[in-house]
Every structure is written in C-alpha cells, then in structure tokens.
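Only one structure is covered here, and it is reproduced in the block below.
The values are calculated or read from the model by the stated rules, or taken from the named source; none is laboratory data. Please read all numbers here as calculations on a predicted model, not as lab measurements. Don't worry about glycine lacking a Cβ; one is built from the backbone with ideal geometry, like all the others, and counts go over all protein chains shown. When the accessible area is computed, the model is the full protein with side chains, heavy atoms only, and any ligands, DNA or RNA have been set aside. Shrake-Rupley method; radii C 1.70, N 1.55, O 1.52, S 1.80 Å.
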Amino acid sequence: MYDDYPGKIIWISDSSSLVLRDGKADLSRRYVAIQMPLMSFREFLYLETGQAYPKYKLGDTILPTQPDAELLNHFLNYRSYGTRPFYQEKDFEARYMAVIDKILNNDIPFFLPSISENNLRVMRAIIGTLANSSIPRVQVTSLCSDWGIGAEKLYQLLFVMESVDLLKIVRYPNDMKARSTGAKMLFADPCAYKVLNADQGTEREAYTIHCFSRAGYQINGKPPLQRTLVNQQVTSMIK
C-alpha cells in the first residue's frame with residue numbers, strides 16, 4: 001500500500017489492528033503498534049476548558065495547580081465518564097456498553113476462535129461479579145462448576161480479557177503463572193464502575209492502579225494479610 005500511495009500516511013485502528021497483531025508475516029519494518037491509552041485527567045481538562053494544565057511529576061511535594069471547587073468538580077466528572085472522548089456525545093452509558101459488547105463479541109473471539117456462546121456468558125458473569133463485589137476476586141472452582149467450563153478455558157478467557165484492556169489483574173510479586181487470577185481483578189477502565197453502577201470503593205482502587213500503571217509503575221499485590229499495593233518506589237495504601 002505504501003508503494004501504491006507514497007504520499008499517504010496509513011493508520012490502521014480498532015479490530016483491524018488485532019488482525020495485524022496476530023499476523024504471521026514479518027511486519028517489523030512495516031507495522032509499528034501505537035497503544036492509545038485512556039484519556040488522562042489533564043486531557044479531559046483540556047477538552048472541557050481549553051486550558052493546558054502543567055503536568056505533575058510523581059514525588060513532587062507541590063502540586064502544579066492548586067485545586068479549587070471547579071477543578072474538583074471536573075475531577076468528579078472525569079471519574080464518571082472522562083476516560084473516553086465520546087463522552088461529549090449523547091448516551092454515554094449506552095455507547096460504553098456497546099464498547100463492552102464489541103470487545104466480547106468481536107475482539108475476544110478473534111483471539112479465541114473456538115469460543116462458544118457459553119464462554120460469552122461466562123465473561124459476562126465475570127463482569128457482573130466484579131461489578132457487584134466489594135472484594136474484586138474471581139473464584140475459579142465456583143465459576144467452572146456453575147458454568148460447566150474447564151479451568152484451562154477460564155484462564156484463557158481471563159488472559160484475553162486482560163489483553164484487550166477489559167480487565168486489570170493485580171498479581172502477586174514474581175507471579176508469572178499463566179493460570180493465575182492474581183491478588184485482585186479490576187476493570188482496566190475506572191469509568192466502567194460508574195457505568196455498571198458498581199462498587200465505588202473498588203473504583204477508587206482501580207483508578208489509583210490505573211494512574212500508577214500509566215505512569216510506568218509495576219503494581220503488585222502483597223499477601224492477603226497485607227492489603228497493600230506496592231511498586232518499586234511507591235507504596236499506595238488501598239483497602
């Protein structure tokens with residue numbers, strides 16, 4: 001395509017990028033993957049106010065901007081719907097649910113071609129469990145028994161749900177096992193908690209993890225008796 005259109009810059013997004021991600025040919029010189037993260041609060045503020053606020057460097061003792069009532073109100077709105085730019089359009093919650101449906105029905109089956117209707121129901125059950133639980137964990141034995149699914153298949157579903165940024169699994173340190181549900185399991189997008197009317201205490205935890213992860217920190221969970229999320233330099237106490 002570059003040879004046919006030398007003056008063009010070609011961008012491939014959404015499900016088409018999934019096809020390239022799983023391609024068999026050598027695309028190293030032709031295809032560069034660029035991850036588009038969720039919108040930050042700073043980006044949300046720019047869309048709302050037109051003002052480019054200074055960045056905050058983790059560890060600084062002085063905030064670059066002093067919060068006032070207006071800024072805090074923007075922050076509450078951002079936590080509810082500000083991670084995706086289509087919030088500016090109507091029916092945000094319906095559009096958000098459509099994104100989840102597309103991930104479940106189109107993106108995930110691309111990675112797992114043998115997925116069944118029962119597998120789709122299991123993933124919806126996982127979403128419902130995480131939305132309604134104040135302790136965001138998945139009981140593998142119970143899910144397998146209730147839905148008649150093997151443990152291996154369940155772990156495959158969880159792996160792909162995390163790969164497409166639907167879930168965020170907070171693992172214990174040095175936990176590299178494929179068959180693991182980690183210390184906790186959260187929605188990768190904190191706004192999902194508001195859309196799904198989920199536990200808001202867990203939303204605060206998910207938002208904190210989202211911020212640290214985006215800043216480049218590896219977040220791990222300590223053993224159950226120590227409900228502390230830690231990284232190499234920063235310890236964030238989260239219940």
_Just to be sure I understand, how many residues within the range 136-145 are touching a helix residue (DSSP H, G or I) at 6+ places or on another chain (Cβ under 9 Å) and free of Cβ contacts under 8 Å to residues at least 12 places away in the same chain?_
3
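Give the range 214-224 a look and list any residue that's in contact with a strand residue (DSSP E or B) (Cβ under 7 Å, 6 or more places away or on another chain) and either open to solvent by 60 Å² or more (accessible area, probe 1.4 Å) or closer than 30 Å to ALA94 by Cβ (or both), or say none. Step through it out loud before you land on a result.
First pass over the range 214-224, keeping only residues in contact with a strand residue (DSSP E or B) (Cβ under 7 Å, 6 or more places away or on another chain): 219-222.
The one that is in contact with a strand residue (DSSP E or B) (Cβ under 7 Å, 6 or more places away or on another chain) and either open to solvent by 60 Å² or more (accessible area, probe 1.4 Å) or closer than 30 Å to ALA94 by Cβ (or both): LYS222.
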*asked:* Can you tell me which condition PRO37 does not meet? The list is (1) open to solvent by less than 80 Å² (accessible area, probe 1.4 Å); (2) in a helix (DSSP H, G or I); (3) within 24 Å of ARG204 (Cβ to Cβ), and all the others hold.
replied: (2)
_Take the residues in the range 163-183 that are out of contact with any helix residue (DSSP H, G or I) (no Cβ under 8 Å at 6 or more places or on another chain) and of a type in the set (D, E, K, R); name whichever of them is least open to solvent (accessible area, probe 1.4 Å)._
ASP175
*asked:* Out of everything in the range 42-88 that is of a type in the set (Asp, Glu) and assigned to a helix (DSSP H, G or I), what residue ends up being farthest from the chain's Cα centre (by Cα)?
replied: GLU70
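Among helices (runs of 4 or more DSSP H) lying entirely in the range 106-156, which contain 2 or more residues that are among the charged types (D, E, K, R)? Give the steps one after another, and end with the answer.
Numbers: elements: 108-111, 117-132, 140-147.
Hits in the range 106-156: 117-132.
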_Please go through (1) more than 28 Å from ARG95 (Cβ to Cβ); (2) without any contact (Cβ under 8 Å) to a residue 24 or more places away in the chain; (3) in a loop (DSSP other than H, G, I, E, B); (4) not β-branched (Val, Ile, Thr) for GLY182 and return the number of the only condition it doesn't satisfy._
(2)
*Which of the following residues is crowded, with 20+ Cβ neighbours inside 10 Å and either closer than 18 Å to MET123 by Cα or not charged (D, E, K, R) (or both): CYS211, CYS191, CYS144?*
CYS191
*Any hit, the range 98-114, residues being of a type in the set (D, E, K, R) and open to solvent by 70 Å² or more (accessible area, probe 1.4 Å)*: no
*Restricting to the range 58-79, what's the tally of residues that are open to solvent by 60 Å² or more (accessible area, probe 1.4 Å) and under 20 Å from ALA206 (Cα atoms)?*
4
